[in-house]
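A.B. asks: Shown below is the structure under consideration.
The values are calculated or read from the model by the stated rules, or taken from the named source; none is laboratory data. The shown structure was predicted, so the numbers you read here are calculated from the model rather than taken from an experiment. Because the Cβ atoms are built from the backbone with ideal geometry, glycine has one as well, and the counts that use them run over all protein chains shown.
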Amino acid sequence: MNTVKVKTEQKPILTMRGISKAFPGVQALRRVDLNVLTGEIHGLVGKNGAGKTTLMAVVMGIQEPNEGTIEIGDRTYQSMNPQEAMQAGIAFVPQHVAMMDSLTVAENILAGELPKNKLGFIDWKSVEREAKERLNKLNLHLDVTKRVEGLGVAEKTMLAIAKALFGNAKLIILDEPTASLSRADINRLFDFVKSLKEKGASFVYISHHLEEVFEICDRVTVMRDGRIVGTEYVSDIDIPKLIVMMVGEDVEDYSRKSTCTDEIVFVLNNLARRGYYEDINFELRKGEIIGITGLQGCGAEQLGKGLFGLEYRGVGEVKINGKEFTAKKPIDSFNEGLAYLPQDRYRFGLIGVRPVRENVTYPILNRLIQMINLINRSKEKQIVEGFINELEIITPSQEQPVRLLSGGNQQKVVFAKLATTKPEILILHEPTQGVDVRAKMDIFRIVDELASQGVAAIIISTEIRELMGICDRIIVMNNGRITDEFLKGAKNTTPENILDAIEGGKNNHE
Amino acid sequence: MNNGHKIDWVKLFLDNFIWIIVVLVFTYFAVQVPNFVTPGNIVNILLHASVLGVLVIGQAIVLMTGNFDLSAEGVLSLTTILAMWLMVEPRTDAGGAQASGLMLSPYIVIPIMLMVGMLSGWLIGIMITRLKMNNFIVTLAMQLVLRGIAMLISGGQIMTGSPPLFNWMGGTRINGFPISVGVTLLMYLVVNYLLNQSKFGRELRAVGANTDAAHASGFDPQKTVTRAYIISGFMGAFAGWMLLGRLETSISTLGKGMTLETVAAAVIGGVSLQGGLGSVGGAFAGVILLSLIDNALNLIDIDPFWVQGIRGLIILVALLIEAQKFRYKPKVIHENGNVIVEKQV
């Protein structure tokens, strides 16, 4: 950990005041204030859905804020378009850098301004010389004649940063730059970024890896539920404190009595899918709720989709009530009593332009057919009405297109849809994402209620605190393997320990 | 449909806006265009509307799944030529198209026509869903292929003389009123009812609006899309049967240019090119509107070169209106103190 002296004369490069942004059903940003100083590496941390991405989209001019102002240098903007943001000196380097891969490093650097000779053709010699000179100024030594597709991830990221600086970027946003890097590459990247900081460049560093934030950042801002929790000098704070800021203590925790029985309903035996997960073994009992957590890319997401039949499941055995089960299509799963709540409800969960009624009954239409292919509409209405009352879905009518509902109510519609199939096993992927606190509590109550009726649930989530409240045990996945298990109420089941376990794999492998 | 809540007049008005336009346009032409409101001309309008209308049923169903079908006029052309080839007596004089000499009974030929239409739709469905080929180009190419086969069979010549047993669908009139118009109306009523009440109707719109979510909700989008094309192929052949029965004559260029008209009619009638929205009943209003305009353009004495341009313009206007529906600014709704805005992009 390095300590940083902050020069008082440092001027802010970016000041955001009172930025709010709403999406359908979600208040993504609530009066956010953020300032980044010149020559600073500013960490931005928070869970998925905390608002980091939206905030950065506003800075880049991709999203227009509903209110608030953005000051870059000495100009003030109400809203910007991406061109204005770029001219103002904002650059974004994503996790997976997109460049012209089949062109050389030099061509990528000088794209759009390739020097020409007297005949109007490209002067390749000076292209290479120029590119090399520019990189040398930044102390970045790359083979400029190499094609970009041949570069490593770290080199590509550094090249993207360099290119941004050549384009007069003053503030560079780095989004999870280390997610797929080895420790050695991380060190190279960090040295490069720090050297650029010395030259006066400013960075916003978005990461889930808190250790790295302490390693490289000067200050860190924590976001939660679309709000800024606080901005601290990393020298004034430690990881546990940061975790508390991220996870929050003020939120009311959901607590429940375990409804877990002894009857095993769902068994996974040596499940493996190349490149995603391997050696997955666990059992699920009636009424049990388990959580699966891990970093992005830990394999939990694919596991959920694979079990349901949205993706290839790989090899291994899955048993429902002792019977071997393979889902070829989602409808097979529904029929066998396995239902899945997708993370991206706009893409997989709901058909936005269609009414609530239709969305709820899609998986059970076969059971509603009264003759030939005709649906028993009165029975359908009755079923939907029942769920609207039971789950307290707020909607003007059954005929309301679901896209017009709030996020929490949309999620309840998805729950109603799953519940119509009378599932024995529920797989929920980030069930509380993008819903407000009250709806979160409602959703926990729904899951709790289902569990007490004997439904076994798997919750795939990064919301550790929520998992701790509702789950009987929490499984941690790392690089496709189950690495830890935390039982409810056990002494070692603390947010700190779980976060450690989640990050464990990252820090162990070299 | 309104669940005991009070009737939403604005919605009702917007949903049926197209019928108001139909009435306005009809009234305008009735006053302005001589001989527009004569029994003979009304029948002409309805005859045009019936063949176009049958094709539009297929088009609307395919559009609901978020795809295009540009092949139907090819199906119409091929099936009529094929039917003639199978049915009519070979010519003894030189020149003209030569029939097969099989002289099959219309009772065999009509099912063959319909099967060929469905087969074409099935092939298109396979190409689009399994082979992941682009629906627009696949169906456009299919139109050429089908018409090409029709040309090969007929040698590009006119084939005439379909037997009365075949012609009853297109040619019969009761008190001067063509039964094909009645059949078309009946088809619209039945299909509209079925699509609103059946699982298949749900599937069509779900797949069209959001294929991924439809899949995750337990539907099989590939099957749905293929079935939609099979229906469209069937409708193409059925329209062929109707048209041939009326004309008693076919040529491989029969139905040329109807494709765009079918898309326009469906879109004017509120079927969304984005998929997932619209009904066959609405599309029928589009059919009537286009038929009215088409007929009026023929009656008034304007340069035929204008007619093409005006037709194109009408289609562009329909697309403009359709595009605007998806461009309007999202409405901000306040609920429980949360600001809710419809999803942009």
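A.B. asks: Within the bounds of region A:301-321, is there any residue that is more than 20 Å from residue B:204 (Cα to Cα) and free of Cβ contacts under 8 Å to residues at least 24 places away in the same chain?
C.D. replies: The answer is yes; a qualifying residue exists.
A.B. asks: Give me the residue from region B:220-251 that is of a type outside the set (A, V, I, L, M, F, W, C), buried (at least 24 other Cβ atoms within 10 Å of the Cβ) and touching a strand residue (DSSP E or B) at 6+ places or on another chain (Cβ under 9 Å) and, out of that set, farthest from the other protein chains (Cβ to nearest Cβ).
C.D. replies: Only one residue fits best here, namely B:250.
A.B. asks: Please go through region A:370-408 and pick out each residue that is facing another protein chain (nearest Cβ under 7 Å), at pLDDT below 90 and farther than 26 Å from residue A:346 by Cα.
C.D. replies: Passing the criteria: only A:373.
A.B. asks: Considering only region A:303-312, state which residues are in a loop (DSSP other than H, G, I, E, B) and crowded, with 22+ Cβ neighbours inside 10 Å.
C.D. replies: The answer is A:309, and nothing else.
A.B. asks: Please go through region A:136-150 and pick out each residue that is among the acidic types (Asp, Glu) and over 20 Å from residue A:96 (Cβ atoms).
C.D. replies: A:143 - this is the single residue of region A:136-150 that is among the acidic types (Asp, Glu) and over 20 Å from residue A:96 (Cβ atoms).
A.B. asks: Next question. Looking only at region B:272-284, count how many residues are under 16 Å from residue B:190 (Cα atoms) and among the hydrophobic types (A, V, I, L, M, F, W, C).
C.D. replies: Number satisfying all stated conditions: 3.
A.B. asks: Now for a different question. Does residue A:414 satisfy the criteria of being within 23 Å of residue B:278 (Cβ to Cβ), buried (at least 21 other Cβ atoms within 10 Å of the Cβ) and more than 7 Å from every other protein chain (Cβ to nearest Cβ)?
C.D. replies: No, not satisfied.
A.B. asks: Further, regarding this structure: Scanning for something without any contact (Cβ under 8 Å) to a residue 40 or more places away in the chain, surrounded by fewer than 18 Cβ atoms within 10 Å (Cβ to Cβ) and either under 30 Å from residue A:22 (Cβ atoms) or under 25 Å from the mean Cα position of the chain (by Cα) (or both), does region A:194-211 turn up at least one residue?
C.D. replies: There is no residue in region A:194-211 that is without any contact (Cβ under 8 Å) to a residue 40 or more places away in the chain, surrounded by fewer than 18 Cβ atoms within 10 Å (Cβ to Cβ) and either under 30 Å from residue A:22 (Cβ atoms) or under 25 Å from the mean Cα position of the chain (by Cα) (or both).
A.B. asks: Still on this model: Is one or more of the residues making up region A:275-290 of a type outside the set (Phe, Trp, Tyr), under 28 Å from the mean Cα position of the chain (by Cα), outside any helix (DSSP H, G or I) and at the interface with chain B (Cβ under 10 Å from one of its Cβ atoms)?
C.D. replies: No; the residues of region A:275-290 include none that is of a type outside the set (Phe, Trp, Tyr), under 28 Å from the mean Cα position of the chain (by Cα), outside any helix (DSSP H, G or I) and at the interface with chain B (Cβ under 10 Å from one of its Cβ atoms).
A.B. asks: Next question. Based on what the data block shows, is residue A:238 farther than 27 Å from residue A:158 by Cβ and among the acidic types (Asp, Glu)?
C.D. replies: Judged against the criteria, residue A:238 is a match.
A.B. asks: Of all residues in region B:130-168, which are surrounded by 20 or more Cβ atoms within 10 Å (Cβ to Cβ) and either among the polar types (S, T, N, Q) or touching a strand residue (DSSP E or B) at 6+ places or on another chain (Cβ under 6 Å) (or both)?
C.D. replies: Listed by number, the residues that qualify are B:135, B:139, B:143, B:154, B:159, B:162.
A.B. asks: Determine which member of the set B:12, B:47 is under 16 Å from residue B:293 (Cα atoms) and in a helix (DSSP H, G or I).
C.D. replies: Only one candidate qualifies: B:47.
A.B. asks: Okay, next question. Tell me the residue from A:192, A:166 that is at pLDDT below 90 and under 17 Å from residue A:93 (Cα atoms), please.
C.D. replies: After applying the criteria, what remains is A:166.
A.B. asks: I'm trying to understand the selection: among the residues of region A:293-302, which are assigned to a loop (DSSP other than H, G, I, E, B) and small (Gly, Ala, Ser)? First the steps, then the outcome.
C.D. replies: Of region A:293-302, the ones assigned to a loop (DSSP other than H, G, I, E, B) are A:294-299.
Passing the criteria: A:294, A:297, A:299.
A.B. asks: Within region B:257-303, how many residues are free of Cβ contacts under 8 Å to residues at least 60 places away in the same chain and in a helix (DSSP H, G or I)? I'd like the intermediate steps shown before the answer.
C.D. replies: Just the residues of region B:257-303 that are free of Cβ contacts under 8 Å to residues at least 60 places away in the same chain, to begin with: B:260, B:264, B:297-298, B:301-303.
Within this subset, residues satisfying the condition of being in a helix (DSSP H, G or I) are B:260, B:264, B:297-298.
Total satisfying the criteria: 4.
A.B. asks: Given (1) part of a helix (DSSP H, G or I); (2) in contact (Cβ under 8 Å) with a residue 24 or more places away in the chain; (3) not hydroxyl-bearing (Ser, Thr, Tyr), where does residue A:367 come up short, assuming only one miss?
C.D. replies: Of (1) part of a helix (DSSP H, G or I); (2) in contact (Cβ under 8 Å) with a residue 24 or more places away in the chain; (3) not hydroxyl-bearing (Ser, Thr, Tyr), only one is false for residue A:367: (2).
A.B. asks: Would a scan of region B:141-154 turn up a residue that is out of contact with any His (no Cβ under 7 Å at 6 or more places or on another chain) and over 23 Å from residue B:84 (Cβ atoms)?
C.D. replies: Going through region B:141-154, the residues out of contact with any His (no Cβ under 7 Å at 6 or more places or on another chain) turn out to be B:141-154.
Next, from what is left, pick out any that are over 23 Å from residue B:84 (Cβ atoms): B:141.
Taking every residue of region B:141-154 in turn, at least one turns out to be out of contact with any His (no Cβ under 7 Å at 6 or more places or on another chain) and over 23 Å from residue B:84 (Cβ atoms).
A.B. asks: Taking residue A:488 and the conditions (1) away from chain B (no Cβ under 14 Å); (2) surrounded by 21 or more Cβ atoms within 10 Å (Cβ to Cβ); (3) more than 28 Å from residue A:366 (Cα to Cα), which numbered condition does it fall short on, given that it satisfies the others?
C.D. replies: All conditions pass for residue A:488, except number (2).
A.B. asks: Of all residues in region A:173-184, which are touching a helix residue (DSSP H, G or I) at 6+ places or on another chain (Cβ under 8 Å), modelled with pLDDT under 85 and buried (at least 16 other Cβ atoms within 10 Å of the Cβ)?
C.D. replies: Within region A:173-184, A:178, A:181 qualify.
The rows are residues; the columns are (1) hydrophobic (A, V, I, L, M, F, W, C); (2) free of Cβ contacts under 8 Å to residues at least 60 places away in the same chain; (3) closer than 24 Å to residue A:306 by Cβ.
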| residue | (1), (2), (3) |
| --- | --- |
| A:438 | no, yes, no |
| A:442 | no, yes, no |
| A:491 | no, yes, no |
| A:496 | no, no, no |
| A:499 | yes, no, no |
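A.B. asks: Inside region B:207-219, can you point out the residues that are within 19 Å of residue B:281 (Cβ to Cβ) and within 7 Å of chain A (Cβ to nearest Cβ)?
C.D. replies: B:209
A.B. asks: I need a count of the residues in region A:317-366 that are more than 8 Å from chain B (Cβ to nearest Cβ), buried (at least 16 other Cβ atoms within 10 Å of the Cβ) and of a type in the set (Lys, Arg).
C.D. replies: Adding up the residues that qualify gives 2.
A.B. asks: Among the residues of region B:123-162, write down those that are under 18 Å from the mean Cα position of the chain (by Cα) and basic (Lys, Arg).
C.D. replies: B:147, the sole residue that qualifies.
A.B. asks: Quick check on this structure: which one of A:26, A:32, A:58, A:45 is out of contact with any Leu (no Cβ under 9 Å at 6 or more places or on another chain) and either touching a residue at least 12 places away in the same chain (Cβ under 8 Å) or buried (at least 21 other Cβ atoms within 10 Å of the Cβ) (or both)?
C.D. replies: Among A:26, A:32, A:58, A:45, only A:26 is out of contact with any Leu (no Cβ under 9 Å at 6 or more places or on another chain) and either touching a residue at least 12 places away in the same chain (Cβ under 8 Å) or buried (at least 21 other Cβ atoms within 10 Å of the Cβ) (or both).
A.B. asks: Which of the residues that make up region A:167-193 are within 25 Å of the chain's Cα centre (by Cα), of a type outside the set (Gly, Ala, Ser) and in a loop (DSSP other than H, G, I, E, B)?
C.D. replies: A:176, A:177, A:178, A:181
A.B. asks: Could you grab me the full set of residues in region B:275-311 that are at pLDDT below 85, of a type outside the set (A, V, I, L, M) and exposed (fewer than 15 other Cβ atoms within 10 Å of the Cβ)?
C.D. replies: B:301, B:303, B:304, B:305, B:306, B:308, listed by residue number.
Table: residues versus (1) farther than 12 Å from residue A:14 by Cα; (2) of a type outside the set (Gly, Ala, Ser); (3) modelled with pLDDT of 90 or more.
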{"position": "A:31", "(1), (2), (3)": "yes, yes, yes"}
{"position": "A:36", "(1), (2), (3)": "no, yes, yes"}
{"position": "A:40", "(1), (2), (3)": "no, yes, yes"}
{"position": "A:50", "(1), (2), (3)": "yes, no, no"}
{"position": "A:53", "(1), (2), (3)": "yes, yes, no"}
{"position": "A:62", "(1), (2), (3)": "yes, yes, no"}
{"position": "A:74", "(1), (2), (3)": "no, yes, no"}
